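Note sheet for the following structure.
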Amino acid sequence: MSGPATLAEHLAAARARLQRLEPAAAAIATTRGAVLVDIRSSDQRRRDGVVDGAIWYPRNVLEWRAAPDAELRDPAFGDAPSLVLMCAEGFQSSLAAATLLDLGVAGATDVVDGFAGWRAAGLPVRPFDEARDLLQGSPGAPRRS
């Protein structure tokens with residue numbers, strides 16, 4: 001059998017390839033040009049809040065907006081030194097970041113413990129604002145929080 005046999009092994013293999021960032025380090029990375037990408041669902045964002053400056057892409061469209069050769073690549077990713085993914089607790093984002101590495105996004109990584117870790121570290125979050133934070137236009141259109 002090739003590859004990891006269990007979900008835990010698959011997650012561990014993905015994380016072994018990443019230079020994961022603690023929440024405070026992720027916040028610092030954004031001041032140095034990294035793009036913070038929130039991949040949580042709109043329901044999670046409504047319930048738990050958002051991080052200002054993050055770009056929101058639901059997990060199901062991420063690769064089509066972030067891969068270097070994607071026809072629909074978001075120009076906001078430009079030449080960012082890294083894309084730092086954040087999900088609710090740091091599981092989904094690890095798998096997504098490893099996939100982005102496979103697609104040629106050299107600096108893809110994620111936030112340890114995700115949004116929950118960000119909040120627990122006392123980093124700024126704000127309530128979701130329907131008028132400001134709802135997707136405009138097509139699904140997966142970039143939205144800065």
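The values are calculated or read from the model by the stated rules, or taken from the named source; none is laboratory data. Just so we're clear, the structure is a prediction, and the values are computed from it rather than from any experiment. Here the Cβ positions follow ideal geometry from the backbone for every residue, glycine too, while neighbour counts run over all protein chains shown.
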Legend entry - Within region 86-113, considering residues that are closer than 15 Å to ALA27 by Cα and among the acidic types (Asp, Glu), the one surrounded by the fewest Cβ atoms within 10 Å (Cβ to Cβ): ASP113
Legend entry - Failed condition for SER2, given (1) touching a helix residue (DSSP H, G or I) at 6+ places or on another chain (Cβ under 8 Å); (2) part of a loop (DSSP other than H, G, I, E, B); (3) more than 16 Å from THR109 (Cα to Cα); (4) not aliphatic (A, V, I, L, M): (1)
Inset, instruction - Could you tell me which residue of region 107-145 is modelled with the lowest pLDDT, considering only residues that are hydrophobic (A, V, I, L, M, F, W, C) and in contact with a Ser or Thr (Cβ under 8 Å, 6 or more places away or on another chain)? - result: LEU135
Legend entry - Of residues in region 35-71 being among the small types (Gly, Ala, Ser) and over 9 Å from the mean Cα position of the chain (by Cα), the one surrounded by the most Cβ atoms within 10 Å (Cβ to Cβ): ALA66
Legend entry - Evaluation of PHE77 against (1) over 15 Å from the mean Cα position of the chain (by Cα); (2) closer than 17 Å to VAL105 by Cβ; (3) surrounded by 12 or more Cβ atoms within 10 Å (Cβ to Cβ) (one fails), failing number: (1)
Legend entry - Within region 73-105, tally of residues that are part of a loop (DSSP other than H, G, I, E, B) and in contact (Cβ under 8 Å) with a residue 12 or more places away in the chain: 12
Legend entry - Subset of region 46-56 (residues that are out of contact with any Lys or Arg (no Cβ under 7 Å at 6 or more places or on another chain), farther than 17 Å from PHE91 by Cβ and outside any loop (DSSP other than H, G, I, E, B)): ARG46, ARG47
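Given the structure, is ARG17 surrounded by fewer than 20 Cβ atoms within 10 Å (Cβ to Cβ), closer than 20 Å to ARG119 by Cβ, out of contact with any Pro (no Cβ under 8 Å at 6 or more places or on another chain) and not hydrophobic (A, V, I, L, M, F, W, C)? Spell out the reasoning first.
Working: surrounded by fewer than 20 Cβ atoms within 10 Å (Cβ to Cβ): yes; closer than 20 Å to ARG119 by Cβ: no; out of contact with any Pro (no Cβ under 8 Å at 6 or more places or on another chain): yes; not hydrophobic (A, V, I, L, M, F, W, C): yes.
Here the answer is no, as ARG17 does not meet what is asked.
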Inset, instruction - Quick one: count up the residues across region 115-131 that are surrounded by 13 or more Cβ atoms within 10 Å (Cβ to Cβ) and in a helix (DSSP H, G or I). - result: 5
